[in-house]
Structure formats: C-alpha cells, structure tokens
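The values are calculated or read from the model by the stated rules, or taken from the named source; none is laboratory data. Keep in mind that what you see is a predicted model, and the values were worked out from it rather than measured. FYI the Cβ positions are ideal-geometry reconstructions off the backbone, even for glycines, and counts take in every protein chain you see. SASA here: full protein model, heavy atoms, side chains in, ligands and nucleic acids out. Shrake-Rupley method; radii C 1.70, N 1.55, O 1.52, S 1.80 Å.
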Amino acid sequence: MTARVDPWTVRVAMWSARHRWPVFALWFVGTVGLFVASIAMGGTRAQSAVSTDTRAKYESAKAYDVFNAGGTKDPSQSFYLVAQARAGTVSDPAVATSIESIVAALTSATSDVDGQTAKTFDTVADPLKAPATAGLVSPDRTTVRIVARVKGDGAILEKKLAPVPALLDRLRDENPALELLALNNTLANKEISEVINSDLDGSLRLTIPLTFLILLVAFGALVAASVPLMLAITSLLAAFGMLGIYSQLVAPVSPYASQLIVLIGLAVAVDYSLFMVTRYRAERHRRGYDSHRFHAGSTYLRRILLTVAAVGVLGIAGATGSTIALGLAAAGLVVLGAWSIRRLMERGNETEKLGAIQIASGTAGRAVFFSGLAVMISIAGLFMLDDPFFRSMAIGTIGVVLISVVGSLTFLPATLAILGNGVNAGQVAIPFQALGLGPIVRLLDRNRDEGSGLWSALTRAVMARPVISAVAVGAILLALASPFLRLHIGSTDLDSFPDRIEAVRAVNLMSAKWPEGSTLPLTAIVTRADDPSTKPAVDRFAADVLAIPGVSGPMTTDLSRDGKVALLGFTLAGTLNDYRNWDIVRQVRSQIVPKEFPPRGDVRAYITGDAAFAMDQTDFYSNSMPLVFAFVLGLSVVLLLVAFRSIVIPIKAILLNLLSTSAAYGLLTLVFQEGFLKDELGFKPGVIEAFIPLFIFTILFGLSMDYHVFILTRIKEARDRGLDSNAAVARGISITSGTITSAAAIMVVVFGVFVTLQITVIRQLGFGLAIAVLLDATVVRSILLPATMRLLGEWNWWLPRFLGWLPRVTIEIESEPEAGRPADTTPGGPELAGA
C-alpha cells in the first residue's frame with residue numbers, strides 16, 4: 001500500500017510547527033523589518049488625492065505631453081484667495097481697502113528656500129484693478145478672487161508655500177470683515193493627506209477592538225481570539241512596508257492604497273486565521289482533549305487579586321515616584337506574565353498536537369491557500385488596466401493577501417505548536433461555570449455539537465420550501481439591485497471631500513458666486529501654432545467653442561517654450577463630473593476639432609482639462625469592465641469546474657455572485673449617489689468613484705469563492721461518503737454556516753467601520769463591500785444556495801462527457817475518523833452567540 005504524500009502546503013505547515021520558535025521569531029523579524037525598512041527609506045510616497053495623472057493613456061493626458069514636447073516651461077502653480085464681504089459689497093470703501101491691503105501683503109510675501117529669501121508669489125492679480133472681462137469680481141459684487149502664481153515644483157514649491165497658512169491666519173485676524181478661503185493644489189492635498197492619515201489611525205483604533213470582540217464571541221477564549229489579531233497586525237505592517245518600498249523604488253502610490261490595505265488585509269488575515277484556529281481546536285476536541293479546566297471560585301479570585309495588586313502597586317509607584325515600589329511592581333508583573341505564558345505552553349502529547357495541526361493545515365489551511373490564490377488572481381485582473389493610480393491599489397491589496405496566506409501556512413502552525421491546548425486559555429465560559437451560572441455558560445460555550453444552532457434550523461426550513469425561498473429572496477435582491485440602472489460613475493473632485501478642508505469651502509463659495517464657472521478649465525492644445533496659416537483656424541475654433549452654452553471666456557493663450565504649440569484656455573460651469581460638461585468635451589472633439597483642424601491636415605488639436613480627464617478616466621474604466629469581468633468570471637468557472645467536476649456548480653455560483661454584487665451596486669447607488677440616509681451617515685451625495693464598481697467586483701468574487709469553496713467542499717465530502725445530494729447539501733451548509741457567519745461578521749464590521757470615515761471614496765468602497773459580504777454570506781449562502789441545490793438535486797453534479805478529461809483535484813486532505821465514529825467534518829465552525 002502506498003503511503004499518503006501530503007500536499008506541499010501541509011509539508012510547509014508541519015515544518016513550521018516542528019521548528020516553531022525559529023519560525024515564530026523570523027515572522028516578527030521579517031514583517032516588522034519590512035515596515036522599519038520602508039520608514040528608513042522615507043515612508044510611503046503617495047500621489048496627490050486630486051490630480052490628473054499625465055502618465056495615464058488618455059487624450060486628456062496626452063495633450064500635456066504634446067505641449068511639453070517642445071521643452072517645458074518654468075513650472076508654477078495657481079493660488080486663489082477668495083474674499084467675501086460679510087456685509088456690503090466690494091464697492092464699499094472699507095471692504096475695498098481691506099482687499100487692497102491683502103493684495104499688498106501677498107505681493108510682498110517672502111519664503112525661505114534653502115537659506116535664500118525668495119518671493120512667495122511671482123504674480124498677484126488685483127481684482128479691483130483687473131478688467132471686468134477677467135471675471136475676478138462676482139456678479140453680486142460681494143466676493144472677489146485674488147489670483148496668484150507660485151513658481152517652482154516639488155520641494156521648492158512646498159518651501160515657498162510653507163509660510164502661507166500662517167500668513168492667511170494673520171490676514172484673517174487683520175480683516176475680520178472678510179471671509180478668506182484659499183484654494184491651491186499643494187495646500188489642498190496636504191490637508192487631504194492629513195485627513196486620510198487621521199482616518200487610517202481612527203479606523204485601526206475602532207476595527208481592532210471590534211474584531212477582537214467578535215473573535216471572543218466566536219472562540220469563547222481570550223488566547224484563541226488574540227492569535228488571529230497577531231497575524232493580522234503583523235501582516236498589515238509587512239504590507240505597509242512593501243507598499244512604502246515600492247513607492248520609493250518604482251512610483252508613487254495612490255493615497256488610498258494604505259487604507260485599502262487595512263480594509264482588505266484586516267478582514268482577510270483574521271478570516272483565514274479563524275478557519276485555521278477553529279479547525280485545530282475542533283480536532284483537539286474531537287480527539288478527546290478537554291479544553292475546559294474548571295477551578296473553584298477562590299482560584300479565580302486569587303488570580304484576579306494578584307493581578308490587581310501588582311497593577312495597583314505600579315500605579316502608586318508611578319504617582320509617588322518611588323523607584324523601589326516601581327521596581328517591585330514591575331518585577332511582579334514580569335513574573336506574573338512569565339508564569340502566565342508558561343501556563344499557556346502545552347507540554348503534553350506532542351504527537352496529538354502535531355496531528356491536529358496536520359489535519360487543520362490539510363483542510364482549513366489548504367482552503368485558505370486556494371481562497372487566497374483566488375482573491376489574488378481576481379485582483380490581478382486589475383493589472384489589465386494600464387492605469388498607474390489603479391495599479392498601486394492592486395499591488396497593496398494583493399500584497400497583504402499574499403502575506404496573510406504565507407502567515408497562515410507558517411506563523412499560525414508555529415504559534416499553535418507553541419501554544420498547543422493553551423490556545424483555549426482564558427475561556428469566557430469557565431468563570432461562569434465555576435460560579436454555577438449555567439445559562440451564561442451555555443450561551444458562551446464554543447464546544448457545542450456540529451450542525452446545531454440557528455443556521456442549521458434555517459437550512460432545514462429553506463430546503464423544505466425551496467421554490468418559495470428562492471423566488472422570494474431572488475425578488476428582494478433584484479429589487480435592491482434596481483437603482484444600479486441609474487448609476488453615474490465619475491472622478492473624485494474636491495467637492496467629494498469633507499467641508500473641514502479649506503479648499504473645499506473655497507470651491508463651494510466660488511461655485512455659488514460664479515455660477516457661469518470660475519476655475520473648471522476646458523483646454524485645447526494646438527500644434528504648429530508658429531505657422532501663420534494656423535492662426536485663422538485657431539480664431540475660428542475659439543469662436544465655435546465660446547458659442548457652446550456652458551463655456552465662458554475670456555479665452556487665455558499660452559505657448560510652449562519653443563513656441564510651436566499653443567494652449568487655449570476656456571472655462572466651464574458646474575463640476576468636472578457633470579454630464580453636460582462631458583457632452584461639451586465630446587462635442588468639441590467630434591465636431592469642432594475635425595471641422596477646423598481636419599485629420600488629413602498637419603495641425604493636431606487635443607482637448608483636455610479636469611472635466612475631459614474625468615470623462616476619459618470614467619470611459620476607460622467603463623470600457624475595461626467587460627475584460628476584467630470576463631477574466632474573473634472565467635477564473636471562477638475554471639476553478640470550480642476543476643475542483644468539483646461539475647458544470648452546474650460554476651454556472652450557479654456565478655449567477656448567485658452576480659445577484660449579490662448587483663444588489664450591493666444598487667444600494668451603493670441609492671445611498672451615495674441619490675442621498676438615501678445621507679443625513680444619518682453624514683455625507684454629501686455625488687457620483688460613484690469610477691474604480692469602485694470594478695474593485696468591489698474583483699474583491700467580492702475572490703472572497704465569495706472562499707465561502708463557496710468552503711461550503712461546497714463539505715457538501716462534496718458528505719456526498720462522497722454516501723449521502724444523497726439533498727442530505728449532503730443540508731449537512732454541508734448547516735455545519736459551515738456558523739464559521740461563515742463569524743467570518744462574514746468580522747468582514748462586515750471591518751468594512752462597515754470605513755463607512756464612518758471622512759473620505760467619500762473609502763466610504764463608498766467600505767459600504768459596497770460590507771453590504772456585498774453581508775448579502776453573500778447570509779441571504780445567498782444560507783437561503784439561495786441550499787434552495788437552488790435542493791431544486792437541482794443530482795443535476796448539481798452533472799459533468800458533460802466531453803469534460804471527462806479534467807484532472808481530479810482535492811482541495812482538502814481527508815481526516816481519518818476515530819474508531820467507532822464517523823470522520824469529523826467540522827470545518828472549524830464557531831457560531832456567533834445565539835446562532
């Protein structure tokens with residue numbers, strides 16, 4: 001008889017378990033080391049949150065390449081200071097005097113640049129002296145725009161702008177009759193970065209405690225609940241390090257990349273640990289190792305008093321400054337900690353412990369590996385989009401998933417080998433058992449029989465009435481998906497950020513005071529501008545553009561350094577995501593440009609500007625969706641087809657996933673675009689960021705493959721052991737629903753926390769993923785899946801003859817049953833309390 005050869009993933013896990021201490025130490029050295037290395041290299045270099053990336057392959061980006069081809073001009077950046085009279089108009093002498101003093105202060109402002117004094121602003125336009133056609137005074141004459149330019153870029157620009165916030169504060173104090181709001185790209189992005197970093201810190205402070213509470217309910221033990229968080233936190237550090245190193249060596253990354261690492265990494269790392277640790281505990285319990293160690297109430301009381309005494313002495317020592325008391329308290333805590341850690345380390349039967357790790361790594365561990373692989377390949381579909389902004393987000397997300405999978409196969413087995421049954425320490429139910437509180441013990445006990453609880457009862461009820469269940473839930477999901485038909489995707493602009501950012505308030509004020517448009521540019525880049533024959537065509541082109549409703553002047557003109565390329569500037573009303581502005585861009589490109597600069601001629605014209613870039617970017621993502629969808633759906637079909645040797649299962653899985661994804665899209669549109677619950681959630685309705693639907697789709701399909709494979713593996717296992725299709729479905733779903741409920745609860749909480757943050761893009765992504773996972777793990781997996789499998793019966797496993805050549809792949813190794821009892825099929829299924 002040929003001995004069974006374990007898969008390589010199991011061999012890696014077992015090697016890690018046998019070399020537990022070196023692997024445990026190297027994991028912390030490697031993950032923390034990556035983070036420290038990135039900090040030493042300068043941290044994460046991020047792109048501007050609001051920018052038009054000229055590396056993107058759009059006409060609006062190519063236009064600037066054409067303009068700069070003849071030699072770049074001295075770089076500079078616009079600076080707008082909006083001054084609104086709190087009472088009266090700018091015609092009032094006092095208001096006019098204040099405006100003149102502000103212009104003088106800006107004109108004379110200086111900055112320190114590498115030890116040299118330099119003028120902060122190269123030019124400053126006085127709105128009261130500028131011609132009326134310049135449009136620097138609002139139609140109601142209550143507000144003016146002071147327009148200035150700052151020469152330089154990069155570090156020089158930042159140094160020139162460094163004293164500006166303090167200058168503005170001084171001007172506000174000196175001119176209380178005016179409201180002053182500044183708008184500048186560098187200053188705005190600095191404020192936005194501060195908000196993003198603040199959100200990131202706040203999300204971690206909120207999600208980690210909430211995740212720990214869910215794990216505590218799921219596991220019922222303090223140590224077991226802590227192990228997944230250790231993997232999650234170290235994985236996040238390593239992913240931050242990888243992203244930072246990439247940003248320093250390759251290219252700046254998206255400002256949202258770090259938040260996406262937390263969003264996806266914390267959920268995935270904890271979920272993978274949940275599957276592994278739960279299966280390990282279930283194996284130890286199945287083999288008869290009783291994790292309950294009941295003590296008398298006095299035992300717990302002595303331990304609590306000892307800890308309280310040590311902490312109390314430490315507090316007194318800190319308050320009084322007593323070195324002796326401080327040393328004694330610290331020594332006591334060290335001894336207590338060392339004693340506690342030693343108590344956690346199991347020194348019992350090594351074979352039993354390693355056997356449980358082998359089964360856990362061969363079942364839940366291999367499911368984690370295939371799930372992580374599916375998630376990474378799904379996200380890798382985003383690399384088909386040649387967009388640097390999007391690429392960095394995909395790299396960060398794939399990186400944290402990869403690290404979480406590696407940790408599940410190395411760090412977790414090593415940790416479980418160190419702890420042994422100590423992973424069950426700190427069981428919440430034990431003190432209540434010692435105190436004789438039976439109902440609380442039953443509520444918190446995690447050692448209940450498999451297939452019991454709420455989800456088991458729900459599965460039986462659904463399979464008893466499959467038609468009613470499938471039709472009712474399907475109709476509800478389709479109704480939730482209906483707002484998706486009104487989806488309007490676009491690009492982030494300043495208006496989507498919180499009003500606490502000064503630049504946002506400045507933009508809102510200018511939009512209100514200059515409804516015809518003030519700062520939204522429509523730009524045309526025209527080649528061969530030095531040719532005299534080009535000028536008449538340029539004049540006709542300008543007249544045609546200014547004749548379009550929604551476009552205003554005056555037209556501005558600039559030339560490239562060599563004078564061969566002209567830049568013509570116009571102004572649009574509204575925002576960069578308005579469909580009307582996109583129609584104007586299309587009209588100019590498709591009608592006016594071919595008319596005045598025929599394709600057969602030598603002159604070329606390119607249309608760009610913020611609205612053009614937003615339209616090009618949105619069209620790019622929209623046109624790329626079919627390709628990415630086909631890649632991800634094709635991957636799902638191949639993986640499920642090979643894993644379960646059925647053509648029906650992959651097709652049904654795709655339909656169910658599309659249904660839950662569409663429902664999530666519909667709710668996303670209803671809430672963030674149409675403003676449902678906007679007051680309760682505290683956000684401004686607007687367009688859905690262009691990349692959000694694609695990102696939700698790829699992430700959800702990867703995660704849903706995790707749940708789907710997890711459930712179907714148990715169903716197939718039960719069927720292979722002799723149960724008919726209906727019985728196998730009932731058993732497989734009932735014994736996995738608890739684990740999936742716990743895993744989904746963690747993801748929903750992590751994703752849901754991001755809905756409370758300030759950046760609209762992150763809120764949209766968090767909301768979409770939270771809703772999608774909630775629907776997928778509950779309604780779809782617990783109602784639609786069993787109902788459809790019950791209706792199809794044996795047809796679930798139909799494989800056409802022409803596909804009989806497919807290889808037979810085993811997702812999980814088979815655990816050996818104990819003598820006298822059937823093999824355990826527990827996937828590691830903790831259920832939430834009451835479930």
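Of all residues in region 603-644, which are closer than 18 Å to L568 by Cβ and not in a loop (DSSP other than H, G, I, E, B)?
In the first step, residues of region 603-644 are kept if they are closer than 18 Å to L568 by Cβ; the result is 603-613.
Answer for region 603-644, where residues must be closer than 18 Å to L568 by Cβ and not in a loop (DSSP other than H, G, I, E, B): A605, Y606, I607, T608, D610, A611, A612, F613.
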Within region 134-160, residues being out of contact with any helix residue (DSSP H, G or I) (no Cβ under 8 Å at 6 or more places or on another chain) and assigned to a strand (DSSP E or B) number 3
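Does I548 fit the bill of being in a loop (DSSP other than H, G, I, E, B), more than 36 Å from the chain's Cα centre (by Cα), within 28 Å of A690 (Cα to Cα) and modelled with pLDDT of 90 or more? Don't jump to the end; show me each part of the working.
Details: in a loop (DSSP other than H, G, I, E, B): yes; more than 36 Å from the chain's Cα centre (by Cα): yes; within 28 Å of A690 (Cα to Cα): yes; modelled with pLDDT of 90 or more: yes.
So I548 passes the test.
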Per the list (1) surrounded by fewer than 20 Cβ atoms within 10 Å (Cβ to Cβ); (2) touching a helix residue (DSSP H, G or I) at 6+ places or on another chain (Cβ under 7 Å); (3) at pLDDT 65 or above; (4) among the aliphatic types (A, V, I, L, M), residue check on L435 breaks on (3)
Out of (1) under 24 Å from P521 (Cα atoms); (2) open to solvent by 20 Å² or more (accessible area, probe 1.4 Å), the one N623 does not meet is (1)
Going through region 199-224 in order, the residues found to be open to solvent by 50 Å² or more (accessible area, probe 1.4 Å) and either among the aromatic types (F, W, Y) or in contact (Cβ under 8 Å) with a residue 60 or more places away in the chain (or both) are L206, L210, F212, V217, L222
Per the filter on region 110-133, residues over 43 Å from the mean Cα position of the chain (by Cα), surrounded by 15 or more Cβ atoms within 10 Å (Cβ to Cβ) and small (G, A, S) are A130
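In region 1-58, which residues are charged (D, E, K, R) and modelled with pLDDT under 85?
Our first condition is that a residue be charged (D, E, K, R); within region 1-58, this holds for 4, 6, 11, 18, 20, 45, 53, 55, 57.
Listed by number, the residues that qualify are R4, D6, R45, D53, R55, K57.
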Over region 689-723, the set of residues of a type in the set (D, E) and at pLDDT 80 or above is E689
Within region 744-779, of all residues that are aromatic (F, W, Y) and open to solvent by less than 10 Å² (accessible area, probe 1.4 Å), the one modelled with the highest pLDDT is F751
Listed by first then second residue, the pairs whose first member lies in region 402-418 and is free of Cβ contacts under 8 Å to residues at least 24 places away in the same chain and under 14 Å from V10 (Cβ atoms), whose partner is among the basic types (K, R) and surrounded by 24 or more Cβ atoms within 10 Å (Cβ to Cβ), with beta carbons under 8 Å and at least 6 positions apart or on separate chains, are none
Exception for I146 within (1) open to solvent by 40 Å² or more (accessible area, probe 1.4 Å); (2) closer than 23 Å to L494 by Cβ; (3) under 41 Å from the mean Cα position of the chain (by Cα) falls at (1)
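Taking into account only those residues within region 554-575 that are part of a strand (DSSP E or B) and open to solvent by 40 Å² or more (accessible area, probe 1.4 Å), which is farthest from A524 (Cα to Cα)? Step through it out loud before you land on a result.
Quick first cut of region 554-575, residues part of a strand (DSSP E or B) only: 554-559, 566-572.
Imposing the further condition that a residue be open to solvent by 40 Å² or more (accessible area, probe 1.4 Å) reduces the set to 554-559.
Details: P554: 14, M555: 11, T556: 10, T557: 10, D558: 11, L559: 12 Å.
Selected residue: P554.
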Note on region 780-823: residues under 30 Å from I692 (Cβ atoms) and at pLDDT below 85 are R781, S782
Open item on the list: Scan region 574-593 and tell me whether some residue there is polar (S, T, N, Q) and either in contact with a Gly (Cβ under 7 Å, 6 or more places away or on another chain) or over 30 Å from H488 (Cβ atoms) (or both).
Closed with: yes
So, first residue in contact (Cβ under 8 Å) with a residue 12 or more places away in the chain in region 536-549, second residue open to solvent by less than 70 Å² (accessible area, probe 1.4 Å) and of a type in the set (F, W, Y), Cβ within less than 6 Å, six or more apart or across chains; the pairs are V545/F570
*asked:* Scan region 674-684 and tell me whether some residue there is open to solvent by less than 10 Å² (accessible area, probe 1.4 Å) and either assigned to a helix (DSSP H, G or I) or touching a strand residue (DSSP E or B) at 6+ places or on another chain (Cβ under 7 Å) (or both).
replied: no
The condition of being under 19 Å from V773 (Cβ atoms) and either among the basic types (K, R) or open to solvent by 20 Å² or more (accessible area, probe 1.4 Å) (or both) holds, among I654, I692, I688, I696, only for I654
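What number of residues within region 786-808 satisfy the criterion of being part of a helix (DSSP H, G or I) and either open to solvent by less than 70 Å² (accessible area, probe 1.4 Å) or farther than 21 Å from S469 by Cβ (or both)? Working first, answer last.
To start, the set of residues in region 786-808 that are part of a helix (DSSP H, G or I) comprises 786-797, 801-803.
Checking which are either open to solvent by less than 70 Å² (accessible area, probe 1.4 Å) or farther than 21 Å from S469 by Cβ (or both) leaves us with 786-789, 792-793, 796-797, 801-803.
Of the residues in that region, 11 qualify.
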Conditions (1) over 18 Å from A425 (Cβ atoms); (2) touching a residue at least 24 places away in the same chain (Cβ under 8 Å); (3) in a helix (DSSP H, G or I) -> P255 fails only (3)
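Residues checked against (1) at pLDDT 85 or above; (2) part of a loop (DSSP other than H, G, I, E, B); (3) open to solvent by 20 Å² or more (accessible area, probe 1.4 Å):
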{"position": "L480", "(1), (2), (3)": "yes, no, yes"}
{"position": "P483", "(1), (2), (3)": "yes, no, no"}
{"position": "D499", "(1), (2), (3)": "no, yes, yes"}
{"position": "A503", "(1), (2), (3)": "yes, no, no"}
{"position": "G517", "(1), (2), (3)": "no, yes, no"}
{"position": "T523", "(1), (2), (3)": "yes, no, no"}
{"position": "D531", "(1), (2), (3)": "yes, yes, yes"}
{"position": "K535", "(1), (2), (3)": "yes, no, yes"}
Every listed condition ((1) surrounded by fewer than 24 Cβ atoms within 10 Å (Cβ to Cβ); (2) more than 30 Å from E689 (Cβ to Cβ); (3) within 20 Å of the chain's Cα centre (by Cα); (4) not hydroxyl-bearing (S, T, Y)) holds for L231 save (1)
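Please work out which residue is least open to solvent (accessible area, probe 1.4 Å), limiting yourself to region 657-673 and to residues that are of a type in the set (S, T, N, Q) and over 25 Å from V729 (Cα atoms). Lay out the reasoning, then the answer.
Our first condition is that a residue be of a type in the set (S, T, N, Q); within region 657-673, this holds for 657, 660-662, 669, 673.
Still in the list and also over 25 Å from V729 (Cα atoms): 662, 669, 673.
Values: S662: 37, T669: 0, Q673: 40 Å².
Ranking the qualifying residues of region 657-673, first place goes to T669.
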